[in-house]
Every structure is written in structure tokens, then in C-alpha cells.
Amino acid sequence: MKKFTLMMWLLAAVLSIKAQVVSTFEDLPLEADSYWNGSDGSGKFISGKVTFINDYNATWGVWSGFAYSSKTDRLTPGVGNQYSAVTGAGVLGSANYAVAYDFGNLKAQLDVVDSVSGFYITNNAYAYYAMRDGDPYSKKFGGASGTDPDWFRLNIYGLATTGDTTGVVVCYLADFRSDNPAEDYILDSWKWVDLTSLGKIKELRFTLESSDAGAWGINTPGYFCLDNLNYRDKAPEVALPVADMVLSKNSTETVRIPLAPVFKDDDSPGLPMTYQVERLENDQVVEASVYSYPGDGGSTLYYLDLNVIPNTAGVCRVTISATCNGKKTEHTFTVEVRVPTGVESVLAQKVSVFPNPFRQSFNLQFATDVDRIVLRDLQGRLLWQQTNLSGRQFQVDALANYPSGIYLLTVIGADFSYSQPVVKK
């Protein structure tokens, strides 16, 4: 009986895994810069084992429900551009995506009962420009003054096999309701919509609502675009942990740690990652803040800055986080601030580092014999080392091709090991 139960559980797990196929629409044959709107009379299409319902009226040559597209025209307003996403491409530049037109028949059916992680959504080009600029049939969002509290939203319902609704998720494609005009927006990029709250379902249904509505329904063009349904995203990973470190009391140097190497998110390439300091255990010792700086080619670089609070010593645990696509990962390391011991003070007198900060190279001068010099970054990675040293003066240019920042120098002798930070401008 136990073996039978185990086999049934494994079979259910396998079926569940098979059901978790992503609808990318790349599995649908489509020429570049074209679309499928159901004119073949099939009434549906399937991507990733999800069936998307389509209704095509051959008499009038019009459609509703779901179509799919590879159109790239993101600039042309009007109904003639109804098959384009305002992004001009699918998620992360993929070719194909789905286009939805709500005429009371928007639904997608799963092949088996399962949970759905969510999908990416953006505005259709026709709807986007109608909201941004207005057209003969719909108003410009915000009105002439820009202060009208307009909105355009999608309601997503989960349905069980019984037809009962398991829940609803609401996503705004445009929202001008805020008292702060800077918060008004019309979505013009791909946005993730989390559907895990709907639970196990057999069908998804969609309806659109707008503040611009009349006796015949909404005036805003009832379109949106969808991609990567049931995408199974993972949280970012800690790729290069920040090494625990020791700083000297009353140190005036800012320890600046680049955050891009610390975290990675391979299954969401190209999506923005945000960072923040989550916790400081013993914030009387160290200040920690995340700062952004302009990088090359318009990029943004993020750093964690650590500063010793004057006249303090102790141990501080720093927890930082990275968030991508709504999923967050934390990483904790320790910063110890201490008063140099007598031995360390003596060693500091035996090892001179100058200039510090430096630009391309720095000099070391020793008052004793040294066996090895080691340079590491703040993630603890070994960057360079030198052994079999002769003489008591040495020039180090090993960091010439490394970026500006703080590095950890360790000088090792027969009966001592001395470490201190070196700063490259």
C-alpha cells in the first residue's frame, strides 16, 4: 500500500511538473512582423499546453479573444496598429507575444488543473496612444488639465473545474488617480503579474474596465498584450558573498562594495535588480547605505557604502538584499570595528603603505623580513600574491587594471600577519 501511495504521489508530481510549461508563444509558427488573428476559423491556439480562445467573424473580418503577433511597430497610433505591443517586442526582446481584445470572451484554458505563477503584461499600441493622446472615440487620460483621475485595468479570474471563481487579481494598465502627478502612468514596458493567489485552477478569464466608459461599455480600446504565462521565476542568488571584515576604530575611509557581483539572477536576464540594506544589528558601530552612481553607456552602478561611526567599537551584522521581478534574496556578513591591539600597532609601524589612496600603484616598505604579500577584494577573492620576496621595499601595480574601490592587503612574515585596506582612486 505504501509503495502504491508513493507511486501515485510521484505520478502526480510528474504531471504537475509537465503542466508547468511556459506559454512563450515562440512555439507558434509566425513570420517576422506579422500576426495570427483566427482567420483560419480554428477558434483557438495552443502555447505551452494552454489553450487561448479566439473568435473570428468571417463576414465582417473582425476578431476578439486572443491573437498572437510578432509586430514591431511601437510608434504608430490607431486601430491599424492593433496587433502591436507598445514595447515593439515580447519579454526581453522575444519575437512573439499574445494580443488580447476584450469582447466578453477572453479566456485561457489549462490542460490540467494546476496553479499558475503569473504572466507579463503591457499595453497594446492602439490602446496606449489612445490613452496618451486621445482619439475620436476615447479621451486623453488626465484630461486637458492632466488631473482627471482616469484608470484602465485588467481583472484576472481563476476558475475551478466546477466553474467557481477561486479569486481575482487586478492589474492597472494606466492609473492617474494619485494626488501626485508624478505617480501617474500608462504602462509602456513589460510588467509581471503574480497569479499564485488564485490557487489550483482550470481556466483564466479576463475583463477590462476603464474610467472612460459610456452606455455601450468602455471607450478606451479594450486591448492588452501578454507574454510568458506560467513563467517559473527564481529569486536572485548570492553569487559572491561579501567577506566578513575587520575595520579599525575611527577609520575615515568609506568601504565601497560593488553589489552587481554579489547577486545574480540568471533566469531574469535584462530585468532590473534593486538593492537595499535590510538590517543593521548594532547600528551604533557602522553606517550602511546603498548608493547608485552613473556608469558607462548610461548604465547605473550600485554600491554598498560602509562607514565606521567615530569613537565606537564592536561587531555589526549587515544584511543586504537584492530584488528582481518581485522576488528577494538576503545576504548577511559581519563587520568588526576594533581598537588596534598592541601587536597590531607594532606591526603597523613595521609595514608602511604609500600612497594610500593610490591611482595605479602603491609602495610597501618593511622594517622586518616578509614572506608573502596578498591582495583580495571585499568578496574575499584572491586577486594577486607575491612570494619569495627579497629586500624591504616593494612596488605593487597588480591593481592597475582593476576598478576604483577598496581592497584588502595582507603582509605575512615568519611570525606575523598584518592586514589593512588599500584604496584605489
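None of the figures in this text is laboratory data; all of them are computed from the coordinates on show. Not measured: the values here are computed from a predicted model. Positions of Cβ are backbone-derived with ideal geometry, glycine not excepted, and every protein chain shown enters the neighbour counts.
Counting other C-beta atoms within 10 Å, and keeping those with at most 13, which DSSP coil trypsin sites (Lys or Arg not before Pro) do you find in segment 187-269? In loop regions of segment 187-269 (DSSP not H, G, I, E or B), the sparsely surrounded trypsin sites (Lys or Arg not before Pro) are 232, 234.
Springs between alpha-carbon pairs under 10 angstrom, Gaussian network model over the chain: which of 399, 208, 106 fluctuates most? Fluctuation is largest for 399. When the C-alpha to C-alpha distance is required to be over 24 Å, the pairs from 140/191; 44/202; 191/327; 71/328; 264/327 that qualify are 71/328. Considering only 226, 243, 390, the residue lying farthest towards the positive end of the dipole of the chain is 390, judged by Cα position with unit charges set on Cβ. So, R0 is 51 Å and r is the distance between the beta-carbons of residue 246 and residue 92; what FRET efficiency does that work out to, to 0.05? Approximately 0.75, to the nearest 0.05. If you model segment 19-227 as an ellipsoid using its alpha carbon gyration tensor, with each semi-axis the square root of five times an eigenvalue, the axes come out at 26, 21, 16 Å, biggest first.
Quick check: Cα centre of segment 149-193 to Cα centre of segment 366-421, how many Å? Each part reduced to its Cα centre gives a spacing of 56 Å. Cβ crowding within 10 Å, taken as a proxy for footprinting-reagent exposure, orders 99, 315 from fewest neighbours to most as 315, 99. A cut-off under 13 angstrom between Cβ atoms defines the neighbours of residue 375, and their net charge, with Lys, Arg +1 and Asp, Glu -1, is +2. Computed per residue of the chain from DSSP H runs no shorter than four, each worth -39500 (n - 2.57), the mean residue ellipticity at 222 nm is -2500 deg cm²/dmol.
Using the Cβ of residue 274 as centre and a radius below 14 Å, the other residues enclosed give a net charge of -1, where K and R count +1 and D and E count -1. Here the Gaussian network model covers the chain, with springs between Cα atoms less than 10 Å apart; of 172, 120, 402, 402 fluctuates the most. Between residue 352 and residue 197, the contour length at 0.36 nm per residue exceeds the alpha carbon distance by 49.7 nm. Dividing the mean sequence gap of close Cα pairs (under 8 Å, 6+ apart) by how many residues the chain holds gives a relative contact order of 11 percent. Sorted ascending by nearby beta carbons within 10 Å, beginning with the fewest, 273, 131 become 273, 131. Within the shell of other residues whose beta carbon sits under 13 angstrom from the beta carbon of residue 95, the net charge comes to -4, with Lys and Arg scored +1 and Asp and Glu -1.
Kindly point out which whole DSSP H helices in the chain project their C-alpha atoms 18 angstrom or further along the helix axis while averaging a Kyte-Doolittle hydropathy of 1.0 or above. Those that pass (Cα extent of 18 Å or more, hydropathy at least 1.0) are 2-19. Around the Cα centre of the chain, unit charges on the Cβ atoms of Lys, Arg, Asp and Glu (plus for the first two, minus for the last two) sum to a dipole of about 1000 debye. Only beta bridges with both residues in the chain are counted; by DSSP, about 95 percent of them are antiparallel. Fully extending the segment from residue 312 to residue 180, taken as 0.36 nm per residue of separation minus the present Cα-Cα distance, adds 43.3 nm.
Per-residue packing, averaged as other Cβ atoms within 10 Å, sorts the ranges 220-227, 22-29 into the order 220-227, 22-29, beginning with the highest. From least to most packed, judged by other beta carbons within 10 angstrom and beginning with the fewest, 293, 83 follow the order 293, 83. Among 333, 354, 52, the largest mean-square fluctuation in a Gaussian network model of the chain, built with springs joining Cα atoms closer than 10 Å, belongs to 354.
On a per residue basis, the convex hull of the C-alpha atoms belonging to the chain measures out at 238 Å³.
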